[in-house]
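Working notes, structure below.
The values are calculated or read from the model by the stated rules, or taken from the named source; none is laboratory data. Quick caveat: nothing in here was measured; it's all calculated off a predicted structure. We place every Cβ from the backbone using ideal geometry, glycine too, and count neighbours over all the protein chains shown.
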Amino acid sequence: MKHLFLLLTAWCFVVSCGFAQSTGTGGKTLPRIAIAGLGIESSTFSPATTNEEAFHARYGPEVFNAYPFLMPIAPLRKQAVWLPTVMGKSLPGGAVTREAYESLVNKTLDSLKKYGPYDGLYFDIHGAMSVKGLDDPEGDFITRIRKVIGYQTIVSTSMDLHGCVSWRLAQNSDLITCYRMAPHEDAMQTKERAVVNLLERIKSGKGKPAYKAWIPIPILLPGEQTSTRIEPGKSLYQQVAPLADHQEGIVDAAIWISYAWADEPRNHAVVVVTGDDKEKVAKSAEKLAQAFWDVRSKFDFVAPTGTLDQALAKALASPKHPYFISDTGDNPTAGGAGDVTWTLTQILARPEFKRADGPSLIYASIPGPELVQKAIAVGVGGHVEGTAGAAVDARYAPPVLLNGTVESIVKGDKDAEVEVVVKVGSVHVIVTQKRKPYHKEKDFTQLGLKPRQSDIVVVKIGYLEPELYNMRADWIMALTPGGVDQDLFRLPYKRIKRPMFPLDKDMKTPDLSAQFVPLSGTSK
Ligand SMILES: [Zn+2]
């Protein structure tokens, strides 16, 4: 009900604003561009599920806040009548419930129905959403959007490079692109490029690019092996911009790594190039696809890897601190449940960390709403005893018993809601009301923790996000169990296309020639 009210007031604002701005300087009619999208990557190998609330959906004008380049003073804002509908972004997690998906899709469709027609639609998605009982949700979503907006509207889709591009998604998108960096430091730049290209096609009257070349590549690799900070990902992705941005007749080009923790036929790498010059479009796509295939065997983890025991032994013996250990199997930003207790249980059982003056270790993090309530009840300095974690994913270890002193309590985080630090022996355990990724230095310092002075920092993460990477004195990725196990050979794939590199040895060279996807609304 609250949402309905918000939706109505939001729309009144947009519509009046829209009509007021429908002509630009010089009396020219401004194009009408809708904005919609849902973003999540969700693991089908995790028992966790994702509900609607997790998307923190924005409605109407609230959507503008997601895009600095569409702020009121931004030049782009004045170049069209923007009609934002629904924009939802969730932390990665388990598969989305069908109910949550239908609800968000229907809210989007209802908004789109009211305010058409549209010259353009900016479709902002991640591309690796899994929904219970539904294949290729983004393909389903755009197909249903097309039924509302028709095929005259030019759709520009921007994605995460860990998304999947089905034939259906490619066909219903007229422009389609993704990030060129992992970690995704160019996320906002990519979204802006998708919008700028869309506007340019509308304003110039060129319309839909005449050609879309799509090449599926039978490669499925974890993101932790395909960072663009190091080779071969670095050189591979450096080939995108010269082909995409500086060639007459090409609108955009992109390489999708895809997502290794979902089990659908669409989970594999893809290259798409869009443009008006048929030969250049095909050649550019084939060049990128071949370049990817040629370096397939060179991808490796971006940091040394080992078992947790090996990782702890190295960290304890090292003179370099802080020594970061990635607890990779349950990385919540890749789709892990985020509440696997296996690693923390192993750490707390080690004799080195039993004494308060042992090597200092920060563990980030474990959800434990009951323990958080107990900590609030006793307050900072109080003693707390209770269990945390394993409410969602208890396949590897049961809830972990924490018996220690409450060092801080911080309320108000968007994801965690409440964060508590409990000191157990020499380990500072961050316990959260709800799961939260720890990617920034201030995520630690605002809890009173000093990660730079800590001997060891263990984070549920894969590759380190930039601030942690810059802080590390040394780093190892522990190949721990969880819903996003980095050892793909341990995952029970049944539905991905085979053969697939690296799962199937001695594959024949695949056909990497360009396949032209029909323009949206046509069969050729
Ligand atoms: Zn990604």
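Considering the stretch 36-47 alone, what residues qualify as being more than 16 Å from the ligand (Cβ to nearest atom) and crowded, with 24+ Cβ neighbours inside 10 Å? Hits for the stretch 36-47 are ALA36, SER46.
Scanning the stretch 309-350 for residues that are among the hydrophobic types (A, V, I, L, M, F, W, C) and in a loop (DSSP other than H, G, I, E, B), which turns out modelled with the lowest pLDDT? If you could, list the steps in order and put the result at the bottom.
Going residue by residue through the stretch 309-350, those that are among the hydrophobic types (A, V, I, L, M, F, W, C) are 311-313, 315-317, 324-325, 334, 337, 340, 342, 344, 347-349.
Still in the running and in a loop (DSSP other than H, G, I, E, B): 334, 337, 340.
Values: ALA334: 81, ALA337: 88, VAL340: 96.
Per the criteria, the residue is ALA334.
Within the stretch 433-452, one or more residues are of a type in the set (Phe, Trp, Tyr) and either over 27 Å from LEU316 (Cβ atoms) or touching a Ser or Thr at 6+ places or on another chain (Cβ under 7 Å) (or both). The number of residues in the stretch 461-479 that are under 16 Å from PHE301 (Cα atoms) and under 19 Å from the mean Cα position of the chain (by Cα) comes to 6.
Regarding TYR67, is this residue hydroxyl-bearing (Ser, Thr, Tyr), over 16 Å from LYS107 (Cα atoms), at pLDDT 95 or above and under 28 Å from the mean Cα position of the chain (by Cα)? Talk me through it step by step, then tell me what you get.
On the way: hydroxyl-bearing (Ser, Thr, Tyr): yes; over 16 Å from LYS107 (Cα atoms): yes; at pLDDT 95 or above: yes; under 28 Å from the mean Cα position of the chain (by Cα): yes.
So TYR67 passes the test.
Scanning the stretch 407-421 for residues that are outside any strand (DSSP E or B) and either surrounded by fewer than 16 Cβ atoms within 10 Å (Cβ to Cβ) or not aliphatic (A, V, I, L, M) (or both) yields a total of 2. Contact map, the stretch 219-243: first residue without any contact (Cβ under 8 Å) to a residue 40 or more places away in the chain and farther than 16 Å from THR305 by Cα, second residue charged (D, E, K, R) and within 16 Å of the ligand (Cβ to nearest atom), Cβ cut-off under 9 Å, separation 6 or more or different chains; pairs are GLN238/ARG180.
A quick yes/no check of all residues on (1) out of contact with any Leu (no Cβ under 9 Å at 6 or more places or on another chain); (2) among the basic types (Lys, Arg); (3) within 30 Å of GLY336 (Cα to Cα):
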position	(1), (2), (3)
THR153	no, no, no
THR157	no, no, yes
SER166	yes, no, yes
GLN171	no, no, no
GLU200	yes, no, no
PRO222	no, no, yes
PRO242	yes, no, no
ASP263	no, no, yes
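Scanning the stretch 261-295 for residues being more than 19 Å from PHE516 (Cβ to Cβ), touching a residue at least 12 places away in the same chain (Cβ under 8 Å) and surrounded by fewer than 17 Cβ atoms within 10 Å (Cβ to Cβ) gives a total of 3. The C-beta contact set for the stretch 141-153 (first residue more than 16 Å from GLY207 (Cα to Cα), second residue buried (at least 23 other Cβ atoms within 10 Å of the Cβ) and of a type in the set (S, T, N, Q), distance under 7 angstrom, 6+ apart or interchain) comprises ILE142/ASN172; ILE142/SER173; THR143/ASN172; ARG146/ASN172. Here PRO437 meets each of (1) modelled with pLDDT of 95 or more; (2) surrounded by fewer than 23 Cβ atoms within 10 Å (Cβ to Cβ) with one exception, condition (1). Residues that are buried (at least 23 other Cβ atoms within 10 Å of the Cβ) and part of a strand (DSSP E or B) within the stretch 248-260 comprise VAL251, ASP252, ALA253, ALA254, ILE255, TRP256, listed in sequence order.
Only one of (1) assigned to a strand (DSSP E or B); (2) farther than 26 Å from MET129 by Cα is not met by SER365, so which one is it? Answer for SER365: the failing condition is (2). Within the stretch 185-203, track down each residue that is touching a Lys or Arg at 6+ places or on another chain (Cβ under 9 Å) and either part of a loop (DSSP other than H, G, I, E, B) or within 16 Å of the ligand (Cβ to nearest atom) (or both). Answer for the stretch 185-203, where residues must be touching a Lys or Arg at 6+ places or on another chain (Cβ under 9 Å) and either part of a loop (DSSP other than H, G, I, E, B) or within 16 Å of the ligand (Cβ to nearest atom) (or both): ASP186, GLN189, THR190.
Look through the stretch 187-200, keep the residues that are surrounded by 18 or more Cβ atoms within 10 Å (Cβ to Cβ) and out of contact with any strand residue (DSSP E or B) (no Cβ under 6 Å at 6 or more places or on another chain), and return whichever of them is nearest to TYR67 (Cα to Cα).
Restricting attention to the stretch 187-200, the residues satisfying the condition of being surrounded by 18 or more Cβ atoms within 10 Å (Cβ to Cβ) are 190-195, 197-199.
Now restrict to residues that are out of contact with any strand residue (DSSP E or B) (no Cβ under 6 Å at 6 or more places or on another chain): 192-193, 199.
On the way: GLU192: 8, ARG193: 12, LEU199: 16 Å.
Restricting to residues being surrounded by 18 or more Cβ atoms within 10 Å (Cβ to Cβ) and out of contact with any strand residue (DSSP E or B) (no Cβ under 6 Å at 6 or more places or on another chain), the top hit is GLU192.
Quick grid of which residues meet (1) at pLDDT 95 or above; (2) farther than 19 Å from SER173 by Cβ:
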| position | (1), (2) |
| --- | --- |
| PRO75 | yes, yes |
| PRO84 | yes, no |
| GLY93 | no, yes |
| THR97 | yes, yes |
| ALA100 | yes, yes |
| SER103 | yes, yes |
| ASP119 | yes, no |
| PHE123 | yes, no |
